[in-house]
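Q: The structure that follows is given in the form of structure tokens.
The values are calculated or read from the model by the stated rules, or taken from the named source; none is laboratory data. A quick note: this is a predicted structure, and the numbers were derived from the prediction, not measured. Heads up, the Cβs are rebuilt from the backbone with ideal geometry, glycines too, and the neighbour counts pull from every protein chain shown. All accessible areas refer to the heavy atoms of the entire protein, side chains included, with ligands and DNA or RNA removed. Shrake-Rupley method; radii C 1.70, N 1.55, O 1.52, S 1.80 Å.
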Amino acid sequence: MWPIVRVRGQIIFWIGRCVATNEGMADSPIQQELAKGRGASVIKLVAFIIEGAQDSRASDIHIEPQGESIRVRYRIDGWLKDFYSLPIVVHPEIISRIKILSGLRTDEHQAPQDGRFRLIIGGRQVDIRVSVAPTYYGENAVLRLLADQAEAFTLESLGFSAQNITKIEAAAKKPYGMILATGPTGSGKTTTLYTLLKELNKEKISIITIEDPVEYSVNGIQQIQVNPRTDLTFASGLRSILRQDPNIIMVGEIRDAETAGIAVNAALTGHLMLSTLHTNDAATTLPRLLDMKIESYLIASTVNVAIGQRLVRRICPNCKTERKITAAELKSLGHVIPEDILGKKKEFYYGQGCDKCGKTGYSGRLGIHEVLVPDNSIREAVLKKASSGQIRDIAVAEGMVPIVEDGFIKAQQGITTIEEIIRMLYE
């Protein structure tokens, strides 16, 4: 049951679930609530916006004040889509309600604020991370929905091939060293690391993480939230963690030379270290650590595996349709996909668009990956401070499947589309 919320001495009940769609706006619970005029409940409005996002599989809600209205958008499978246009007069109440839920100051309107709160929606616990920032037309709010679903993931369900799973699991079985996930923001790096932690989480193992923010709550793992106001940074928190007798440590992100140095030393002294880096591909991970003033011999001896990844959209299984690849698409892929992989296959798939996928042709996302395991040849190249291009060539010669090739194979299998692989390639 939804909780009872008291507002100004009145008892207001949150009501059931709603499904928010552009086409159904006229009949949506939000529109029905707004039609009550001064009797409308802001508690219900905010609840309906969040429930609609959950029902639409959205990862983020954008509540953006415009000149005469509020634009509400949901990010679904990585793409923003307009869902509602609300009257601007309800904007202060909506922002205040969000601030109250997330413990922010309701009297501060000129400074950014960050917070979070937790709801139970449809029987599932959802953590919601809130960012409020002042803009020209008023405060803009972005809510990220962090469904408590890390427990449900496996490396296979995330899109890793059998070959890559074998490499990662072998690296995770080592008692020390570093497992690094790389890629741009929003490429699923943290989810990959959480999935690994779930598999490593045993009674005889002590696991501690330091994150900014803590995205998933995992039973049996001690999780620390970075807090710059108390000088709890990645570097200072990592020093403290080392005194807590852990077997496995996860650092949300290696951002600077100080954190990198402590992480590498921890990996050298008997700890398995998991972390993320912002690099374009797996091969760039090793030179990036050099840029952070880590000695080449330390990099060569501590990195167990580097995982490069991106997210692409899955074809909707309800409207999946076969089609032939075009000459332009073939040309775009020709210079990055080996001829023996490109082959003579011309039949691929796409989603026509249906009610179940919101007419997009896609439903959900999966990762495409490249997994670099430093062998003797790569270690020698690191010691010689080779470029990322040289390291990449060695890795491919030693059997690494490049990320674009992994994506093309998934397109051949009918899991994603050629358009998604080309989009990822040119991004």
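Q: Among G159, G220, which is under 16 Å from the mean Cα position of the chain (by Cα) and assigned to a loop (DSSP other than H, G, I, E, B)?
A: Values: G220 fails: under 16 Å from the mean Cα position of the chain (by Cα).
Only one candidate qualifies: G159.
For (1) buried (at least 16 other Cβ atoms within 10 Å of the Cβ); (2) touching a helix residue (DSSP H, G or I) at 6+ places or on another chain (Cβ under 8 Å); (3) modelled with pLDDT of 95 or more, each residue gets a yes or a no:
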| site | (1), (2), (3) |
| --- | --- |
| N219 | no, no, no |
| A235 | yes, yes, no |
| I249 | yes, yes, yes |
| G270 | no, no, no |
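Q: Same structure, new question: Can you go through I128, I95 and tell me which one is on the phi < 0 side of the Ramachandran plot and touching a residue at least 60 places away in the same chain (Cβ under 8 Å)?
A: Only one candidate passes the filter, namely I128.
Q: How about the range 276-294: which of its residues are at pLDDT 95 or above, out of contact with any helix residue (DSSP H, G or I) (no Cβ under 6 Å at 6 or more places or on another chain) and not in a helix (DSSP H, G or I)?
A: Of everything in the range 276-294, just one residue is at pLDDT 95 or above, out of contact with any helix residue (DSSP H, G or I) (no Cβ under 6 Å at 6 or more places or on another chain) and not in a helix (DSSP H, G or I), namely A282.
Q: Let me ask something else. For the range 66-83, how many residues are open to solvent by 10 Å² or more (accessible area, probe 1.4 Å) and either of a type outside the set (A, V, I, L, M, F, W, C) or farther than 30 Å from R310 by Cβ (or both)?
A: 11
Q: Right, something else. In the range 277-314, how many residues are among the aromatic types (F, W, Y) and open to solvent by less than 40 Å² (accessible area, probe 1.4 Å)?
A: 0
Every residue, every condition in (1) closer than 27 Å to G220 by Cα; (2) aromatic (F, W, Y); (3) assigned to a strand (DSSP E or B); (4) open to solvent by 10 Å² or more (accessible area, probe 1.4 Å), yes or no:
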site	(1), (2), (3), (4)
E51	no, no, no, no
I61	no, no, yes, no
V89	no, no, no, yes
S96	no, no, no, yes
T106	no, no, no, yes
Q110	no, no, no, yes
G115	yes, no, yes, yes
A133	no, no, yes, yes
V142	no, no, yes, yes
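Q: Moving to a separate point now. Can we say A162 is hydrophobic (A, V, I, L, M, F, W, C) and surrounded by 19 or more Cβ atoms within 10 Å (Cβ to Cβ)?
A: Spelling it out, it is not the case that A162 is hydrophobic (A, V, I, L, M, F, W, C) and surrounded by 19 or more Cβ atoms within 10 Å (Cβ to Cβ).
Q: If we scan the range 322-344, do we find a residue that is modelled with pLDDT of 80 or more, surrounded by 12 or more Cβ atoms within 10 Å (Cβ to Cβ) and under 30 Å from Y194 (Cα atoms)?
A: Within the range 322-344, none of the residues are modelled with pLDDT of 80 or more, surrounded by 12 or more Cβ atoms within 10 Å (Cβ to Cβ) and under 30 Å from Y194 (Cα atoms).
Q: Please verify whether I30 is part of a helix (DSSP H, G or I), at pLDDT below 90 and under 29 Å from G186 (Cβ atoms), treating the condition exactly as stated.
A: yes
Q: Looking at (1) open to solvent by 60 Å² or more (accessible area, probe 1.4 Å); (2) at negative phi; (3) of a type outside the set (D, E, K, R), which one does G123 not meet, given that it meets all the others?
A: All conditions pass for G123, except number (2).
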